[in-house]
């Protein structure tokens, strides 16, 4: 009697949700094995159905050695296994009252995730990703700390140079004052005024630096407000009309601590120069945006100066050094009798 085996392999049976609609996907492949002694099943095709069509009505007794722990009785001549793990099995079976077992070798290829090395490899990849992520995180923090330290060092050097210079001047003027008190006490006002001016400059520089370093002053509207208040106060003392026009969204201008300090000190020095040297009647501060850049235009209608002769002066050199530190663009245009225009682009 010839036995015909029909092996049905369930390749995929999936139900999932897509846009709140359930979608059923089913693919079934049926084949007839020409080799009655063995069945080879791919790792994904691990659902096995065998129908013994020529033994309809006969009871089937079977055991899949390596999977079943005991003999299974089935009133119908068919058997079904789902989710067979990868490996080699031996199917033993017989029909009706016969005690003669027949055997079929069944090999299920292991899926990738069933290989012994799969999960150790996944764990290794996870550790590598975590290690690289941790390294990049600590590297970023380290670089940020270095950047902050560099800024602190530059600010410390600025304070050392500028405040140190002022303190040295105060010390010299104090010695001069001491001698004049003894030799010419009626002519000490000029020396006292210089000492007071240098003291005020040192105090102001310290206040401006502390203000720039304070995280509470990070917002650009506070920078603009401080500039306007300073200009109104110092130019008002010199009877110079101070006009200001702000055409930006302060929230869109983001400056770091050092850039904020340099921006403020450049424009403050420009306002100071107008008050001290320009003999102007009017001064204007116009702030606006063009593209992704912010423009600060400070101009006056004073006597102006020859920029070619003043290039090496401390004032212009300070402008350019501060602008270069923060990668700002700065332009100063001035002619005698035609006033001065300072353009700072952040």
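The values are calculated or read from the model by the stated rules, or taken from the named source; none is laboratory data. Small disclaimer: the values here were computed from a predicted structure and weren't measured. Here Cβ is always computed from backbone atoms with ideal geometry, including for glycine, and neighbour counts include all displayed protein chains.
Here are some notes:
- Filter result for residue 112 (touching a helix residue (DSSP H, G or I) at 6+ places or on another chain (Cβ under 9 Å) and at pLDDT 50 or above): yes
- Evaluating residue 62 against the criteria (1) loosely packed, with under 10 Cβ neighbours inside 10 Å; (2) touching a residue at least 12 places away in the same chain (Cβ under 8 Å) leaves one unmet condition, (1).
- Residue tally, condition assigned to a strand (DSSP E or B) and under 25 Å from residue 114 (Cβ atoms), over the stretch 68-99: 11
So that you can scan it fast, the table gives a plain yes or no per residue for (1) in the same structural domain as residue 71 (by TED's automatic domain parsing); (2) surrounded by 14 or more Cβ atoms within 10 Å (Cβ to Cβ); (3) touching a strand residue (DSSP E or B) at 6+ places or on another chain (Cβ under 8 Å); (4) at pLDDT 75 or above:
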site	(1), (2), (3), (4)
96	yes, no, no, yes
108	yes, yes, yes, yes
121	no, no, no, yes
125	no, no, no, yes
128	no, no, no, yes
137	no, no, no, yes
148	no, no, no, no
163	no, yes, no, no
178	no, no, no, no
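- Cβ-Cβ under 7 Å pairs, at least 6 apart or on other chains, the stretch 71-95 side closer than 17 Å to residue 53 by Cα, far side exposed (fewer than 13 other Cβ atoms within 10 Å of the Cβ): 77/56; 94/100
- Enumerated helices (runs of 4 or more DSSP H) restricted to the stretch 223-327, each holding at least 1 residues that are more than 21 Å from residue 345 (Cβ to Cβ) and at pLDDT 80 or above: none
- Condition met for residue 242 (closer than 21 Å to residue 294 by Cβ and more than 39 Å from the chain's Cα centre (by Cα)): yes
- Residue, nearest to residue 277 (Cα to Cα), within the stretch 211-222, restricted to residues that are at pLDDT below 75 and in a helix (DSSP H, G or I): 212
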